[in-house]
1. Does A:GLU226 satisfy the condition of being closer than 18 Å to A:ARG123 by Cβ, within 14 Å of another protein chain (Cβ to nearest Cβ), without any contact (Cβ under 8 Å) to a residue 60 or more places away in the chain and surrounded by fewer than 17 Cβ atoms within 10 Å (Cβ to Cβ)?
2. Is there any pair with a first residue in region A:303-328 that is within 14 Å of chain B (Cβ to nearest Cβ) and surrounded by 17 or more Cβ atoms within 10 Å (Cβ to Cβ) and a second that is part of a helix (DSSP H, G or I) and of a type in the set (Asp, Glu) whose Cβ atoms are under 8 Å apart and which are 6 or more apart or on different chains, and what are they?
3. So in region B:166-186, with the set limited to residues that are touching a residue at least 40 places away in the same chain (Cβ under 8 Å) and among the basic types (Lys, Arg), which one is nearest to B:THR215 (Cα to Cα)?
4. What are the residues in region A:269-293 that are at the interface with chain B (Cβ under 10 Å from one of its Cβ atoms) and surrounded by fewer than 24 Cβ atoms within 10 Å (Cβ to Cβ), if any?
5. Taking only region B:32-55 into account, find how many residues are exposed (fewer than 14 other Cβ atoms within 10 Å of the Cβ) and of a type in the set (A, V, I, L, M, F, W, C).
6. Only one of these is within 26 Å of B:LEU272 (Cα to Cα) and either touching a Phe, Trp or Tyr at 6+ places or on another chain (Cβ under 8 Å) or of a type in the set (S, T, N, Q) (or both): B:ILE82, B:ILE135, B:ILE95, B:ILE139. Name it.
7. Any idea how many residues of region B:209-240 are touching a Pro at 6+ places or on another chain (Cβ under 7 Å), in a helix (DSSP H, G or I) and either away from chain A (no Cβ under 12 Å) or surrounded by fewer than 24 Cβ atoms within 10 Å (Cβ to Cβ) (or both)?
8. Could you list, in sequence order, all residues of region A:233-246 that are surrounded by 12 or more Cβ atoms within 10 Å (Cβ to Cβ), hydrophobic (A, V, I, L, M, F, W, C) and in a helix (DSSP H, G or I)?
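The values are calculated or read from the model by the stated rules, or taken from the named source; none is laboratory data. Because the structure is a prediction, the values reported are computed rather than measured. Every residue, glycine among them, receives a Cβ derived from its backbone with ideal geometry; neighbour counts consider all protein chains shown.
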Amino acid sequence: MKRYLVKRLLLIIPVLLGVSMIVFFLVRLAPGDPAKVLAGEHASPEFIQAVREKWGLDKPLYVQYFIWLRSVLRGDLGVSIATHTPVLQELLTRFPATLELSIVAMFIAILVGVTAGIISAVRQYSIFDYLSMTGALFGISMPVFWLGLMLMLIFGLRFDLLPISGRLSPEVTLRTVTGLHLLDALLTWNGRAFLDALAHLVLPGVALGTIPAALIARMTRSSMLEVIRQDFIRTERAKGLPEKTVIYKHALRNALIPIITVIGMEFGLLLGGAILTETVFAWPGLGRYTVDAVYARDYPAIQGAVLFIALTFVLVNLFTDLLYASINPRIRYR
Amino acid sequence: MPKKAQILETFLALKKNKAALVGLLIIVVMVVVACFPQSLAPNDPIKRNLAQRLKPGFWAGREFAQYPLGTDYLGRCILSRIIWGTRTSLLVGFIAVVISTVLGLILGVFSGYFGGWMDTILMRVVDVMFAFPSILLAITIMAALGPGLEKAMIAIGIVYTPQMARVVRSAVLVIREMDYIEAERALGASHSRIIWHHVLPNAIAPVIVYATLSTAGAILDAAALGFLGLGALPPTPEWGAMLSGSRQALTAGAWWAATFPGIAIMCAVLGLNLLGDGMRDLLDPRLRM
């Protein structure tokens with residue numbers, strides 16, 4: 001396991017270098033003088049000159065890349081054109097919002113997806129199986145932002161049950177500890193803020209969790225079906241083990257490996273989906289920040305946000321791979 | 001087996017799969033709509049009529065029949081925009097997938113067939129591109145290129161290339177080791193002859209399946225770019241872009257402006273997913289989920 005871990009950690013270095021190159025060349029692809037692109041359209045000539053000197057924009061391209069890479073590694077992602085604050089600082093204040101939303105969405109997705117998948121497999125060709133698999137098919141065919149709009153229409157506007165934008169109501173106050181509102185509310189023993197934050201999370205969480213839920217349900221079903229048909233399950237049933245033990249203890253455990261892989265892969269989808277969901281629900285997270293930065297042509301912010309999200313994604317993938325390897329020893333020896 | 005018989009046999013097998021047939025039907029209808037929007041759309045999709053802003057459709061009574069699915073915030077006919085948008089969305093999805101298929105075939109065949117350092121480099125590049133969630137990569141490319149439909153096609157085409165390259169590569173890796181390839185080589189056939197006459201024809205099944213399924217993804221991503229205002233530029237009718245102003249419409253009570261374009265997207269994607277799943281079961285049973 002240790003060797004696999006080291007190998008896997010070493011493998012992400014070239015990937016991260018590649019990611020940094022893509023993000024670096026993004027600004028060079030944008031039309032116009034890169035100094036002006038990075039300083040903003042309305043910057044003063046002095047500021048443009050300062051930017052040019054700071055990033056070495058009069059030097060050869062590879063020198064520019066290393067200057068940029070060095071400051072990125074020191075945590076300097078430049079200053080946002082739109083807000084004049086350091087990009088890293090802005091990303092860090094927005095990251096908890098995206099993290100909280102993603103965790104809630106993933107929780108919903110796993111709960112609904114795995115449950116529906118197991119029941120569908122155990123009762124194959126039943127009404128439940130038919131309905132949940134049809135639902136899953138619609139789930140993977142829906143644009144996430146449209147689902148968000150529909151949830152907003154039905155539960156937010158038509159029946160006025162749940163809030164449709166932001167993370168907290170303006171009249172609710174909450175002291176920031178971690179930036180995760182639910183956790184902060186628990187830590188500061190603030191029941192009102194907890195309920196308010198939870199209510200704000202429901203619609204975006206469901207919107208973001210639906211597509212992963214559909215994929216997880218399909219994977220769980222097919223993986224369970226494959227396991228249930230195997231000889232050892234038949235043996236256990238023949239031995240007279242209770243059906244619950246057979247399904248939950250033996251079948252599910254063996255079916256879990258492909259399910260975990262899918263869940264890990266869905267996290268990427270989730271980060272992508274968060275960009276759209278956050279735009280629909282005015283959720284102040286990384287996704288919305290990225291989109292706003294693109295609108296404002298705020299290139300330092302775009303670079304920083306893209307780098308940050310890609311890094312998160314790479315780390316999540318690494319984590320899933322390690323989890324996968326610890327469950328399935330065969331992987332380690334490939 | 002002659003080609004004609006092969007196509008016929010594929011179609012007959014597809015006919016047995018009800019779900020795939022429904023998918024095929026949806027896609028055929030959409031293609032017909034995309035081909036003849038001018039004769040199907042009741043109104044001009046671009047003409048504004050500010051006196052008729054956010055008017056409901058047929059469900060509100062007979063006097064609203066002029067705009068069957070209501071009007072948007074600029075008083076344009078939603079049904080006509082959806083019908084014309086079919087052309088835009090299918091075209092974006094199709095061209096993006098053609099781009100990714102051509103690039104993916106070139107990269108995948110080279111790296112699978114020749115192997116070596118070229119394979120290593122190409123697969124590392126693919127790994128890097130996989131480090132981005134697909135819509136983020138598309139947004140990043142659009143941020144550099146600027147908004148527009150053609151650029152969206154290119155961006156999505158690039159985003160879908162790595163996966164296609166991997167699909168092709170893994171098919172080629174298997175084919176490369178087959179006895180008939182070795183026989184060809186022993187007969188002195190050139191690389192290009194082997195690739196064109198033996199590798200490509202045998203690698204085509206997974207490519208078709210993956211291309212169909214990724215057209216569904218490409219349509220979703222194109223709609224997402226349109227929704228974010230980075231895809232089709234106004235006033236071009238495009239499904240995703242139609243939804244981008246609809247949050248305001250929703251709060252104004254005009255649910256139809258946000259509902260129908262999304263249903264159109266869902267139908268197209270559903271059709272392609274059904275068809276793709278069916279073809280996968282048919283052409284490449286190993287990929288079955």
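1. So A:GLU226 passes the test.
2. A:GLY304/A:GLU90
3. B:ARG166
4. A:LEU269, A:LEU271, A:THR279, A:ALA282, A:VAL291
5. Summing the residues that are exposed (fewer than 14 other Cβ atoms within 10 Å of the Cβ) and of a type in the set (A, V, I, L, M, F, W, C) in region B:32-55 gives 5.
6. Going through B:ILE82, B:ILE135, B:ILE95, B:ILE139 in turn, the sole match is B:ILE82.
7. Total satisfying the criteria: 0.
8. Answer for region A:233-246, where residues must be surrounded by 12 or more Cβ atoms within 10 Å (Cβ to Cβ), hydrophobic (A, V, I, L, M, F, W, C) and in a helix (DSSP H, G or I): A:ILE233, A:VAL246.
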